[in-house]
Amino acid sequence: MSEIRQFEELGFHAWPALQVTHLGDWAVQLTPYYPSKRGNSVNLLNPADDANLAQRVEACQALFTAQDKQPVFRLTPLAPPALADYLVKRGYTATGASSVMACDLRDNAALKTPQPRLPLRLVQFRDGQEIGYSRISGAFHDRPEPLVEGLAEVLRSIKPQKYVIAGFSGAEPAATLLCVSENGYTGLLDLCIGEAFRRRGFAKALVLNEMAQALSRGDHCFWLQVESANAAARALYQGLGFTTVYDYIYYCR
């Protein structure tokens with residue numbers, strides 16, 4: 001369980017919520033300006049902290065309601081075992097099953113194989129330039145302007161060393177990638193290939209490049225989160241030496 005707790009803490013730092021309220025070992029994360037479930041969910045950090053489930057769930061719901069949001073619970077192996085059934089009885093539905101995957105960079109077969117030249121020109125956005133990345137990402141996902149600004153604010157709030165990168169094919173944006181490095185661990189928080197540039201091997205090339213960069217700066221582990229239903233991404237990561245550390249799932253109304 002200590003390894004899971006470590007990756008959970010890395011995730012909280014790499015994608016910080018604006019507001020975090022602790023109800024015992026229940027961390028209620030809320031980010032009014034960006035609607036990701038990652039930054040707007042109840043995260044459980046101790047399977048033994050299961051006292052007064054009804055009152056605790058109601059308190060969490062009240063915090064979401066106060067910000068006009070639907071409550072979301074994110075259940076990892078650190079969640080109290082009884083909570084899932086309780087939430088289902090209260091009308092919640094399980095959705096968004098995902099995995100945290102990781103690989104050891106120090107003995108990674110993919111990194112020992114010579115790689116072709118990276119097919120994209122990479123541009124790193126420094127502190128204060130986050131809006132540039134957010135606009136490219138927003139165009140890929142057709143986000144309205146308030147969410148473009150919201151994503152930029154999330155990026156600005158990241159405290160550990162971050163690598164905010166866009167890949168260009170000629171003058172055209174082709175990819176976005178966000179990595180965060182902390183205490184020897186590099187996390188891949190965002191990877192998107194523009195629709196016109198998919199199925200060309202760009203995702204694999206970008207991940208391999210960032211793995212090599214992480215190893216060169218002394219990090220020993222590379223980790224990421226991937227949805228269970230995304231078979232193509234899971235196959236890509238498994239081929240690069242990633243294995244599943246643990247699974248999690250969201251419960252939403």
**Item:** Of all residues in region 95-114 being part of a strand (DSSP E or B) and open to solvent by 50 Å² or more (accessible area, probe 1.4 Å), the one that is farthest from Val207 (Cα to Cα)
**Value:** Thr95
**Message:** Please determine whether any residue of region 40-52 is charged (D, E, K, R), open to solvent by 50 Å² or more (accessible area, probe 1.4 Å) and not in a strand (DSSP E or B).
**Reply:** yes
**Fill in**
Being under 29 Å from Val245 (Cα atoms) and either of a type in the set (D, E, K, R) or within 17 Å of the chain's Cα centre (by Cα) (or both) narrows Arg156, Arg121, Arg126, Arg143 down to just Arg156
**Item:** Sole residue being among the polar types (S, T, N, Q), open to solvent by 50 Å² or more (accessible area, probe 1.4 Å) and either out of contact with any His (no Cβ under 6 Å at 6 or more places or on another chain) or not in a loop (DSSP other than H, G, I, E, B) (or both), chosen from Gln61, Gln70
**Value:** Gln70
**Complete:** Within region 112-128, residues under 21 Å from Gly218 (Cα atoms) and modelled with pLDDT under 95 come out as Lys112, Thr113, Pro114, Gln115
**Request:** Evaluate region 170-191: report whether one residue or more is assigned to a loop (DSSP other than H, G, I, E, B) and open to solvent by less than 50 Å² (accessible area, probe 1.4 Å).
**Result:** yes
**Complete:** By residue number, the members of region 149-169 that are open to solvent by less than 10 Å² (accessible area, probe 1.4 Å) and either part of a helix (DSSP H, G or I) or at positive phi (or both) are Gly150, Leu151, Ala152, Val154, Leu155
**Request:** Kindly indicate whether any position in region 205-219 is in contact with a Lys or Arg (Cβ under 6 Å, 6 or more places away or on another chain) and either at pLDDT 95 or above or open to solvent by 40 Å² or more (accessible area, probe 1.4 Å) (or both).
**Result:** no
**Asked** Which residues, taken from region 113-138, are without any contact (Cβ under 8 Å) to a residue 40 or more places away in the chain and either among the aliphatic types (A, V, I, L, M) or closer than 13 Å to Ala166 by Cβ (or both)?
**Response** Arg126, Gln129, Glu130, Ile131, Gly132, Ser134, Arg135, Gly138
**Prompt:** Which one of Gly201, Gly218, Gly239 is on the phi > 0 side of the Ramachandran plot, out of contact with any Cys (no Cβ under 7 Å at 6 or more places or on another chain) and in contact (Cβ under 8 Å) with a residue 60 or more places away in the chain?
**Reply:** Gly201
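The values are calculated or read from the model by the stated rules, or taken from the named source; none is laboratory data. Keep in mind the model is a prediction, meaning the values are calculated, not measured. Ideal geometry is used to build each Cβ from the backbone, glycine not excepted, and the neighbour counts take in all protein chains shown. Keep in mind that these areas ignore ligands, DNA and RNA; they rest on the heavy atoms of the full protein, side chains included. Shrake-Rupley method; radii C 1.70, N 1.55, O 1.52, S 1.80 Å.
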